[in-house]
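The values are calculated or read from the model by the stated rules, or taken from the named source; none is laboratory data. Quick caveat, the model's predicted, so the values are computed rather than measured. Quick reminder, even Gly has a Cβ in these numbers, built from the backbone with ideal geometry, and neighbours come from all protein chains shown. With ligands, DNA and RNA removed, areas are computed over all heavy atoms of the protein, side chains included. Shrake-Rupley method; radii C 1.70, N 1.55, O 1.52, S 1.80 Å.
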Amino acid sequence: HGVEPLNLASELSVPRERLALNVGGVRAENLLRKGLLPFVQAAALLPDVQFVQAGQWFDSSIDTLKSAATPNVRFVGHVSSDGLNRLYARASVYVQPSLHEGFGLSVAEAMSAGCIPVVTRVGSLPEVVGSCGIFIAAPDAIADGIRQALASPFALREQARAHILHNFPMERRRAALVSLISAALRSSGA
């Protein structure tokens with residue numbers, strides 16, 4: 001990704017849409033592992049909320065998602081960095097209902113744009129989100145998590161952004177990536 005945080009904190013105060021966003025590549029293994037299918041299915045429980053799933057379509061599993069979708073779900077496919085920033089700026093909620101997750105870069109990007117995260121407690125998601133989001137026990141609790149996030153005070157949006165900017169600034173992420181790549185190259189003898 002590498003999406004930079006929104007430059008102006010004042011953009012946080014712009015009214016957000018009742019939009020729940022998920023970003024991730026659409027492939028068969030991600031339907032459950034990354035929670036794409038439960039995210040789409042949760043839309044039926046919240047017909048007054050727009051659900052947007054962004055991410056490149058790698059196989060025919062997009063058909064599975066589309067067949068499970070209600071009219072309040074949009075699939076936008078791959079979007080540019082600018083397009084992704086625009087989605088983050090519009091969304092009130094970012095949803096990552098993963099059963100397995102590494103760092104959760106999309107969650108961090110969304111939080112830096114002021115989205116309130118709704119996530120499971122897997123991988124590093126608790127570290128990334130800190131106390132600035134809504135934790136769900138399982139993907140089937142997505143709708144309740146989104147309701148809670150939409151009802152959260154504006155201060156939680158500000159806390160989410162500040163948490164990411166303080167704990168995971170872009171330069172720190174770049175340095176960590178360079179360090180990991182260097183260590184991998186050294187251990188492979190390259």
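Only one of the numbered conditions (1) farther than 16 Å from Gly24 by Cβ; (2) of a type in the set (Gly, Ala, Ser); (3) within 13 Å of the chain's Cα centre (by Cα) is violated by Ser98, and that is (1). Of all the criteria given as (1) surrounded by 16 or more Cβ atoms within 10 Å (Cβ to Cβ); (2) in a loop (DSSP other than H, G, I, E, B); (3) of a type in the set (Gly, Ala, Ser), the one not satisfied by Ala143 is (2). Of all residues in the range 85-104, which are of a type in the set (A, V, I, L, M) and touching a helix residue (DSSP H, G or I) at 6+ places or on another chain (Cβ under 8 Å)? Those that are of a type in the set (A, V, I, L, M) and touching a helix residue (DSSP H, G or I) at 6+ places or on another chain (Cβ under 8 Å): Ala89, Ala91, Val93, Val95, Leu99. When the residues of the range 48-69 are narrowed to those that are over 17 Å from Ala143 (Cβ atoms) and small (Gly, Ala, Ser), which ends up most open to solvent (accessible area, probe 1.4 Å)? Across the range 48-69, the extreme among qualifying residues is Ser67. Only one of the listed residues (Ser131, Ser98, Ser106, Ser92) is of a type in the set (Ser, Thr, Tyr) and farther than 24 Å from Gln41 by Cα. That residue is Ser131. I'd like to check something: does the range 119-128 contain any residue that is part of a strand (DSSP E or B), within 14 Å of the chain's Cα centre (by Cα) and under 17 Å from Ala42 (Cβ atoms)? Yes, the range 119-128 has at least one match. For Leu45, only one of the following conditions fails: (1) modelled with pLDDT of 95 or more; (2) loosely packed, with under 15 Cβ neighbours inside 10 Å; (3) within 27 Å of Leu165 (Cβ to Cβ). What is its number? Every condition holds for Leu45 apart from (3).
Among the residues making up the range 77-118, those that are part of a strand (DSSP E or B) and either open to solvent by 10 Å² or more (accessible area, probe 1.4 Å) or under 29 Å from Ser60 (Cα atoms) (or both) are Gly77, Val93, Tyr94, Val95, Gln96, Pro117, Val118. Hey, does the range 157-174 have a residue that's touching a Gly at 6+ places or on another chain (Cβ under 7 Å), of a type in the set (A, V, I, L, M, F, W, C) and not in a helix (DSSP H, G or I)? No, the range 157-174 has no match at all.
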